[in-house]
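Participant: Pasting in a structure now, in structure tokens, and then I'll have a few things to ask.
The values are calculated or read from the model by the stated rules, or taken from the named source; none is laboratory data. For clarity, every value in this text was computed on a predicted model and none was experimentally measured. Glycine also receives a Cβ, built like all others from the backbone with ideal geometry; neighbour counts cover every protein chain displayed.
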Amino acid sequence: MTDKTRAASSRTEEAPVSPSGQTDGRSTASAAGAGWNVPKVLREQASLRPLPTGAANDGPVADGSVTERPKARLPRILSVISRRQLSPHMLRVTLGGEGLRNFPEGQEGAHVKLLIPEPDIDPAGFLSQIEQGQRPVTRTYTIRHHRPDLREIDIDFALHGQDQGKEESPEGEGSGGPASNWAQRAIPGDFIGLFGPGPKKMTFLNADWFLLAADMTAIPAAAAALEEIPRDAVGTAVFEITSEDDRQEIDAPEGIDIHWLVNPTPEKPSKEQSRFIRAIRWRPGRPSIFVAGEASVVKELRVHLLQERGIPREDSYVSAYWKIGVNEDTHQKIKRATAD
């Protein structure tokens with residue numbers, strides 16, 4: 001089913017959740033992290049060290065002496081401000097606080113690494129573990145909105161059912177994955193680590209027209225890209241969603257036709273996006289391409305667009321965000337091993 005509407009669902013006022021999971025006022029979490037007993041030096045390091053490096057183990061060198069472990073880069077520590085269900089299969093968590101001090105502006109669409117704390121650990125203990133070389137579970141997500149004046153960012157988590165037969169759901173973003181599990185139980189005042197931001201995805205913004213294709217895991221990045229391209233842009237966006245109610249409001253240019261394809265079984269290989277894109281009217285001129293989502297879908301679209309259509313790589317962003325049957329750690333190893 002397709003629809004060219006750009007604002008198929010209305011937004012409700014965002015409000016933080018209470019410990020019971022119900023929403024309440026925003027004021028309780030506005031001073032994120034204020035009650036944490038984190039040593040000042042760790043707070044400062046966490047807020048001023050946005051980029052990760054590995055922590056090497058101490059060990060002997062050739063002359064028999066013992067090397068000193070290099071200090072690990074510390075993530076920013078962010079507090080949960082609020083949580084809101086955007087649709088049946090999309091959850092938004094707003095993060096903020098002093099950890100976003102000196103965070104670069106205009107990062108909608110950039111990716112970040114979320115470092116997921118274990119239950120019952122406080123920020124000081126979390127940072128101490130990282131300094132000692134321990135690596136928390138880390139997952140990649142997209143900044144959907146960024147409000148520098150409030151020191152807040154929105155991260156959208158795609159949610160899937162637990163019966164998909166995966167080690168965990170896409171990018172940890174489904175029920176049963178470490179990131180989505182954290183998001184679904186998050187309450188104001190909880191914390192998470194963050195590295196980044198990394199680069200934005202769609203960088204060719206002076207194209208004659210635009211073509212975007214994404215599933216639920218990639219809609220946050222695709223939507224952010226649509227809201228950044230010129231307001232007189234034309235083109236087509238194809239979003240594969242789990243249910244009709246998963247349509248969401250996107251402030252895309254009027255010249256972008258948005259089509260919603262409903263696939264209630266994202267755990268199974270899908271041909272919907274490929275069939276749709278192969279059937280569209282190919283516009284004249286030089287396009288800018290954004291394709292992201294499940295590996296088999298992305299592979300088929302990569303062949304069609306880059307090889308059959310001859311789209312230059314520099315004009316396109318084509319990336320597999322997840323692969324049916326494997327978690328993100330395994331998927332990333334596969335991507336590195338098969339990289340050009």
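Participant: Considering only region 173-219, how many residues are surrounded by fewer than 24 Cβ atoms within 10 Å (Cβ to Cβ), of a type in the set (Val, Ile, Thr) and in contact with a strand residue (DSSP E or B) (Cβ under 6 Å, 6 or more places away or on another chain)?
Facilitator: Adding up the residues that qualify gives 1.
Participant: So Asp149 passes all but one of these: (1) of a type in the set (Asp, Glu); (2) in contact with a His (Cβ under 8 Å, 6 or more places away or on another chain); (3) at pLDDT 95 or above. Which condition number does it fail?
Facilitator: Going through (1) of a type in the set (Asp, Glu); (2) in contact with a His (Cβ under 8 Å, 6 or more places away or on another chain); (3) at pLDDT 95 or above one by one, Asp149 breaks only (2).
Participant: Take region 300-325 and flag every residue that is within 16 Å of Phe204 (Cβ to Cβ) and not in a strand (DSSP E or B).
Facilitator: Once the filter is applied, which keeps residues that are within 16 Å of Phe204 (Cβ to Cβ) and not in a strand (DSSP E or B), region 300-325 yields Leu305, Leu306, Arg309, Gly310, Ile311, Pro312, Arg313, Glu314, Asp315.
Participant: Do we find a residue being β-branched (Val, Ile, Thr) and crowded, with 16+ Cβ neighbours inside 10 Å anywhere in region 265-273? Walk me through it before giving the result.
Facilitator: Taking region 265-273 first, the residues β-branched (Val, Ile, Thr) are 265.
Adding the requirement that they be crowded, with 16+ Cβ neighbours inside 10 Å leaves none.
The answer is no, given that none of the residues of region 265-273 is β-branched (Val, Ile, Thr) and crowded, with 16+ Cβ neighbours inside 10 Å.
Participant: Something else about it: Residues Gly106, Gly125, Gly99, Gly133: which one is surrounded by fewer than 21 Cβ atoms within 10 Å (Cβ to Cβ) and outside any loop (DSSP other than H, G, I, E, B)? Reasoning before the result, please.
Facilitator: Details: Gly106 fails: outside any loop (DSSP other than H, G, I, E, B); Gly99 fails: surrounded by fewer than 21 Cβ atoms within 10 Å (Cβ to Cβ); Gly133 fails: outside any loop (DSSP other than H, G, I, E, B).
Exactly one of Gly106, Gly125, Gly99, Gly133 is surrounded by fewer than 21 Cβ atoms within 10 Å (Cβ to Cβ) and outside any loop (DSSP other than H, G, I, E, B), namely Gly125.
Participant: Can you tell me which residue among Ile229, Ile187, Ile192 is touching a Pro at 6+ places or on another chain (Cβ under 7 Å), farther than 30 Å from Ala279 by Cα and outside any strand (DSSP E or B)?
Facilitator: On the way: Ile229 fails: farther than 30 Å from Ala279 by Cα; Ile192 fails: outside any strand (DSSP E or B).
Every option except Ile187 fails the conditions.
Participant: For Ala252, only one of the following conditions fails: (1) modelled with pLDDT under 95; (2) in contact with a strand residue (DSSP E or B) (Cβ under 8 Å, 6 or more places away or on another chain); (3) small (Gly, Ala, Ser). What is its number?
Facilitator: (1)
Participant: Could you list all residues from region 234-246 that are crowded, with 22+ Cβ neighbours inside 10 Å and either touching a Ser or Thr at 6+ places or on another chain (Cβ under 6 Å) or among the basic types (Lys, Arg) (or both)?
Facilitator: Of everything in region 234-246, just one residue is crowded, with 22+ Cβ neighbours inside 10 Å and either touching a Ser or Thr at 6+ places or on another chain (Cβ under 6 Å) or among the basic types (Lys, Arg) (or both), namely Asp246.
Participant: So if I check each of Ala225, Ala237, Ala252, which one is small (Gly, Ala, Ser) and within 14 Å of the chain's Cα centre (by Cα)?
Facilitator: Numbers: Ala237 fails: within 14 Å of the chain's Cα centre (by Cα); Ala252 fails: within 14 Å of the chain's Cα centre (by Cα).
It is Ala225.
Participant: For region 306-327, which positions are touching a Gly at 6+ places or on another chain (Cβ under 8 Å) and of a type in the set (Ser, Thr, Tyr)? Steps first, please.
Facilitator: Residues of region 306-327 that are touching a Gly at 6+ places or on another chain (Cβ under 8 Å), as a first pass: 320-322, 325, 327.
Correct list: Tyr321 only.
Participant: Looking at (1) out of contact with any Pro (no Cβ under 6 Å at 6 or more places or on another chain); (2) of a type outside the set (A, V, I, L, M); (3) at pLDDT below 95; (4) surrounded by 19 or more Cβ atoms within 10 Å (Cβ to Cβ), which one does Gly165 not meet, given that it meets all the others?
Facilitator: Here Gly165 clears every test but (4).
Participant: Keeping to region 305-317, report how many residues are surrounded by fewer than 18 Cβ atoms within 10 Å (Cβ to Cβ) and in contact with a Lys or Arg (Cβ under 8 Å, 6 or more places away or on another chain).
Facilitator: So the first thing to find is which residues in region 305-317 are surrounded by fewer than 18 Cβ atoms within 10 Å (Cβ to Cβ), and the list is 306-310, 312-315.
Within this subset, residues satisfying the condition of being in contact with a Lys or Arg (Cβ under 8 Å, 6 or more places away or on another chain) are 306, 315.
Selection size over region 305-317: 2.
Participant: Same structure again: Here's a check for you: in region 251-264, which residue that is surrounded by fewer than 19 Cβ atoms within 10 Å (Cβ to Cβ) and in contact with a Leu (Cβ under 8 Å, 6 or more places away or on another chain) is farthest from Lys323 (Cα to Cα)?
Facilitator: Pro253
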